[in-house]
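Take a look at the structure set out below.
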Amino acid sequence: MKRRGLLLATAGAVTVAGCSSDDEQTADGEGEAAAEIIEWDVFAAPARGGGSDRSWLRVAVENETAVPHGRLEITSTFRSADGSVVADGTHITSYIPPETTLRYYVQSNFEVDEVDTVDNEFVDANTQVARSALDAVSVQNTELSAGGDVLNVTGDLEFDAVESDRIVVVAPIYDEDGWLRGTGTDILYDPSPTATSEFGANSNGFRAPEGSAVLDSYDVLVFGGRA
């Protein structure tokens, strides 16, 4: 299942009123999401941009509930037919919106023919978003940049009022097919109630194989609370 709704523009001024009412209910403990791995595959392909073949794992994780899922850490253990470990990898996503599927790639050192199965395990799964969405905040001058497997969503925050000493900025990043591919995150401490605060919500783990859908859009969510 793909995410619902429209994407925000990839540049320019964006105004957000925190997250949806479902997000706020989840932050207050009134609902829980459920993430489920619905498919995985291993294959060989060059990295985007060309070169020799590399070995990849593709995983799809679905949040089919009406509330957002918080931080999710997944470890993948590649095993041969006799059960021995061939390789492993980890993926971390800080937020999965309601009714959304996360699709990500892990590039690791293994031979595809050696792998009989992959054990994908949730080692950390926050079924609730721990912090409350901020309403009185404007997000402006956003831009998406990439370097290697690292992506960074930058921009400016302006607050009508600040009642939080710790601001968490989460940037869900989507590809051209509408799949969530991961999140960038930044934390701001003691933001000024009068000055513009810059943010850079970044994360690694976005390297992908040739032929995969191009990353082309993102959202910006702002949460607050006491440290």
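What to note about this one:
- Residue in segment 136-144 that is in a helix (DSSP H, G or I) and of a type in the set (Asp, Glu) present: no
- Screening the candidates ARG181, ARG131 for the property of being touching a helix residue (DSSP H, G or I) at 6+ places or on another chain (Cβ under 7 Å) and closer than 18 Å to PRO68 by Cα yields one hit, ARG131.
- For segment 177-189, the criterion of a residue being closer than 25 Å to ALA35 by Cβ, open to solvent by 50 Å² or more (accessible area, probe 1.4 Å) and of a type in the set (Lys, Arg) is satisfied by no position.
- Looking across segment 30-62, the residues that are in a loop (DSSP other than H, G, I, E, B), modelled with pLDDT of 90 or more and of a type outside the set (A, V, I, L, M) come down to GLU32, SER52.
- Segment 147-188, residues that are over 25 Å from ARG103 (Cβ atoms) and hydroxyl-bearing (Ser, Thr, Tyr): SER164
- Hits in segment 47-61 - residues which are touching a residue at least 12 places away in the same chain (Cβ under 8 Å) and either open to solvent by 10 Å² or more (accessible area, probe 1.4 Å) or touching an Asp or Glu at 6+ places or on another chain (Cβ under 8 Å) (or both): ALA47, ARG48, GLY49, GLY50, ARG54, SER55, LEU57, ARG58, VAL59, ALA60, VAL61
- For the residues THR93, THR100, the requirement of being open to solvent by less than 10 Å² (accessible area, probe 1.4 Å), polar (S, T, N, Q), touching a Gly at 6+ places or on another chain (Cβ under 6 Å) and not assigned by the TED database to the domain that holds PRO193 singles out THR93.
- Subset of segment 145-170 that is not in a strand (DSSP E or B) and not charged (D, E, K, R) - its residue that is farthest from GLU32 (Cα to Cα): GLY148
- Residues of segment 141-170 satisfying the condition of being hydroxyl-bearing (Ser, Thr, Tyr) and in contact (Cβ under 8 Å) with a residue 60 or more places away in the chain: THR142, SER164
- Residue ID - nearest to VAL169 (Cα to Cα), chosen from residues in segment 216-227 that are open to solvent by 40 Å² or more (accessible area, probe 1.4 Å) and either within 15 Å of the chain's Cα centre (by Cα) or at pLDDT 90 or above (or both): ASP219
- Checking each residue in segment 107-135 for being part of a loop (DSSP other than H, G, I, E, B), hydrophobic (A, V, I, L, M, F, W, C) and at pLDDT 95 or above picks out only VAL115.
The values are calculated or read from the model by the stated rules, or taken from the named source; none is laboratory data. Fair warning: this is a prediction, and the values are worked out from it, not measured in the lab. Counting neighbours? That spans all protein chains shown, and the Cβs are built from the backbone with ideal geometry, glycine included. Just so you know, the surface numbers come from the protein's heavy atoms only, side chains and all, with ligands and any DNA or RNA stripped out. Shrake-Rupley method; radii C 1.70, N 1.55, O 1.52, S 1.80 Å.
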